[in-house]
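The values are calculated or read from the model by the stated rules, or taken from the named source; none is laboratory data. Since the model is a prediction, treat every value here as computed from it, not as a measurement. We place every Cβ from the backbone using ideal geometry, glycine too, and count neighbours over all the protein chains shown. Note: accessible area is taken over every heavy atom of the protein model, side chains too, but ligands, DNA and RNA are not part of it. Shrake-Rupley method; radii C 1.70, N 1.55, O 1.52, S 1.80 Å.
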Amino acid sequence: MENPYTSDGKKQKIPAHFGYAELFIDVKKNEEQDPFVDPLYEDEGICSETNFFVQHESSKIRKKTEEDIGQIVSYATEACARQHRMFYFSVSIHGHHARFIRWDRAGAVVTRSFNYRQNPKLLCDFLWRFGFANPAQRGYDSTVSVASEKDEQDFKTTVTAHVALQLDLDGDKLEEAVGQHYQQKKVVKVDVVNKDEHNSLMIEQYLISRPVMSPLSMANSSTRGYWAVKVGSLEMAFLKDTWRIDVKGREKEGTILERLIVNGARHISDLFCHGDVPVDIERVREEVYRERESAAKKASEKEAIMMEENAAKHTAIKDLEAMELDGQTVDPGKSANTCQGATSGTVEGGEARVADLNRSSVIQDEDEDGRSDEQTKDDTDQSNNQPRDFINYAQCTRTDEFAHSPWACNGGRMVKVVKHTHYRLLMKAVGYPLQEFTGTRELFDATLNAFEALTDAHEICNMLHRDISLNNVILVKDPATGRRRGILIDWELSTVADSNGEARDHNRSVSNFPQHRNENEIYQYGTINF
């Protein structure tokens, strides 16, 4: 935050930036400037046939209405592009009337207009509730937090070293190149839910700052890409933060990459981890703590029982040695039974000892990670290898839930609003897009690498990429050879080819995304009756 005072103590003017506003209120002087329409009656048929936007005969007024719609959409888009959010609230005031709007990556839900002078309770109650809401209730992503000064310095140092390696720069040019990924006082820490080699829940943290790509519209996948640094190990990673289209049968991009990597496809980036972003990261932290406590307790119990068994064996051997010294005859069968009793619970110790050793047999039947076979089965039965159900409760859009509600104004059209779920993918390949090649040889090699990746994907896994572009081939320097090679990324739209070698997955087709500015397709809204 900028200092409102100069070095000599005088107050200075600091321009407001709507991109960082927690809530924006758009005010228009006249009620005629309201771009939305309410149904005349609260009837299902009337609502579904009502056009959501005002339809003016005058082209001049219609153009002004479209500009007003574009203005409030741009405010919400700017805020969600600059902030880490699940959703966003705004208030639209026109004359003596107002509406509330809830925005997310599937569109927006707009309320029926109300007169705030005749009924001020609605507006006052909304503002009062918003004032007392916690950050998550206001729409902020709880998995993102401000980085410490040490973390920021670690981020800057690691990114600087990686830029110097990739581009062979130093001095002012190096500092300028680092500025593409780092902004002072704008480093944040991102929590990513993952599982370790024992299938136990864990949270990894990554540092990010300035994105290399940002969303330009509101209702889409809104992909942001960051150079990231892993907290602790200080490894470089590329973080793809996106709102994936969540429809049945559509694989996550990380799952596709894992299959390509396992089957030996060349020039594909290795992964650190991937998965949906949970709504409540604090509950995930609690679960991680409980798992660690439980594992530590089981390990301690197992160690104690093993020590007790060893002590029992030692005592039995001492007893046998003492009997031999006394000249007593030892029956071999009895001796064997006595030694066996040290591990089966038949020597002194009574029922308590038998109970302890029974517990020992249960623990010994567990896996090396301290969990029983049944527990492991319960975990692996989870879809997509995700942890607990409440952790699977990911950040997702809500607008799609109301698209076909009785009160939704669709103008008699079938409006398709698709569910989106917040998703993060962390890749090990961190480089620069193909258009930043330094020579013909590098361009040729990188293009060949991308072609080999496409060929391997099709021949080995029968996959078609379907989204080739300059930005989807990145140049990454190999420290061993000192040369940059091409890595093919962004497999989100890929799909399996049919028997004819073709693919037409409507849920993954680029043509499904509107490319023109028809407000009926760009702005996916509905109206809620009070």
Hits in region 154-201 (condition: free of Cβ contacts under 8 Å to residues at least 12 places away in the same chain and among the aliphatic types (A, V, I, L, M)) = ALA161, ALA164, LEU169
inquiry  = Quick check on region 162-178. Is at least one of its residues farther than 24 Å from THR481 by Cα, of a type outside the set (Phe, Trp, Tyr) and surrounded by 13 or more Cβ atoms within 10 Å (Cβ to Cβ)?
reply    = yes
request  = Quickly run through region 127-137 and pick out the residues that are at pLDDT 95 or above and either in contact with a Lys or Arg (Cβ under 9 Å, 6 or more places away or on another chain) or under 30 Å from THR438 (Cα atoms) (or both).
outcome  = PHE130
message = Any residue at all in region 198-215 that's part of a strand (DSSP E or B), over 24 Å from PHE272 (Cα atoms) and touching a His at 6+ places or on another chain (Cβ under 9 Å)?
response = no
Count of region 238-255 residues which are aliphatic (A, V, I, L, M) and modelled with pLDDT under 95 = 2
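Quick check on region 429-488: of everything there that is in a strand (DSSP E or B) and of a type in the set (D, E, K, R), which residue is nearest to GLU253 (Cα to Cα)?
If we filter region 429-488 for residues that are in a strand (DSSP E or B), which is where we start, we get 432-433, 463-464, 473-478, 483-488.
Retained after the next criterion (residues that are of a type in the set (D, E, K, R)): 477-478, 483-485.
Values: LYS477: 24, ASP478: 25, ARG483: 28, ARG484: 24, ARG485: 22 Å.
The qualifying residue nearest to GLU253 (Cα to Cα) is ARG485.
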inquiry  = For region 271-326, give me each residue that is hydroxyl-bearing (Ser, Thr, Tyr), within 12 Å of LEU201 (Cβ to Cβ) and free of Cβ contacts under 8 Å to residues at least 60 places away in the same chain.
reply    = TYR289
query = For region 459-486, which residues satisfy the criterion of being surrounded by 17 or more Cβ atoms within 10 Å (Cβ to Cβ) and free of Cβ contacts under 8 Å to residues at least 40 places away in the same chain?
reply = LEU464, HIS465, ASN472
query = ARG266 is checked against (1) touching a Ser or Thr at 6+ places or on another chain (Cβ under 9 Å); (2) at pLDDT 85 or above; (3) open to solvent by less than 70 Å² (accessible area, probe 1.4 Å) and fails just one. What number does that condition carry?
reply = (3)
task = Determine if region 184-192 includes at least one residue that is in contact with a strand residue (DSSP E or B) (Cβ under 8 Å, 6 or more places away or on another chain), under 29 Å from ALA453 (Cβ atoms) and modelled with pLDDT under 95.
result = yes
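For region 102-157, give me the residue count where each residue is among the aliphatic types (A, V, I, L, M), over 22 Å from ASP241 (Cβ atoms) and buried (at least 20 other Cβ atoms within 10 Å of the Cβ).
2
Conditions (1) touching a Ser or Thr at 6+ places or on another chain (Cβ under 8 Å); (2) surrounded by 15 or more Cβ atoms within 10 Å (Cβ to Cβ), marked per residue:
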residue: LYS186; (1), (2): yes, no
residue: LYS189; (1), (2): yes, yes
residue: VAL193; (1), (2): no, yes
residue: LEU201; (1), (2): no, yes
residue: THR223; (1), (2): yes, yes
remark   = Only one of SER113, SER142 is under 22 Å from ILE203 (Cα atoms) and among the hydroxyl-bearing types (Ser, Thr, Tyr), namely SER142
ask   = Would a scan of region 272-285 turn up a residue that is among the aliphatic types (A, V, I, L, M) and either at pLDDT 95 or above or farther than 29 Å from ALA106 by Cβ (or both)?
value = no
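Listed here are the residues, each with its yes/no results for (1) in a loop (DSSP other than H, G, I, E, B); (2) farther than 30 Å from PHE87 by Cα.
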{"residue": "ALA164", "(1), (2)": "no, yes"}
{"residue": "ALA177", "(1), (2)": "no, yes"}
{"residue": "GLN183", "(1), (2)": "yes, no"}
{"residue": "LYS186", "(1), (2)": "yes, no"}
{"residue": "ALA219", "(1), (2)": "yes, no"}
{"residue": "SER233", "(1), (2)": "yes, yes"}
{"residue": "VAL247", "(1), (2)": "yes, no"}
key: Residue that is most open to solvent (accessible area, probe 1.4 Å) [pool: residues in region 12-51 that are touching a Gly at 6+ places or on another chain (Cβ under 6 Å) and either at pLDDT below 80 or hydrophobic (A, V, I, L, M, F, W, C) (or both)]   = GLU49
request  = Considering each residue of region 205-235, count those that are of a type in the set (A, V, I, L, M, F, W, C), touching a residue at least 60 places away in the same chain (Cβ under 8 Å) and closer than 25 Å to VAL73 by Cα, and give that number.
outcome  = 4
inquiry  = Any residue that is at pLDDT 90 or above and either basic (Lys, Arg) or in contact with a Pro (Cβ under 8 Å, 6 or more places away or on another chain) (or both) - is there at least one of those in region 381-401?
reply    = yes
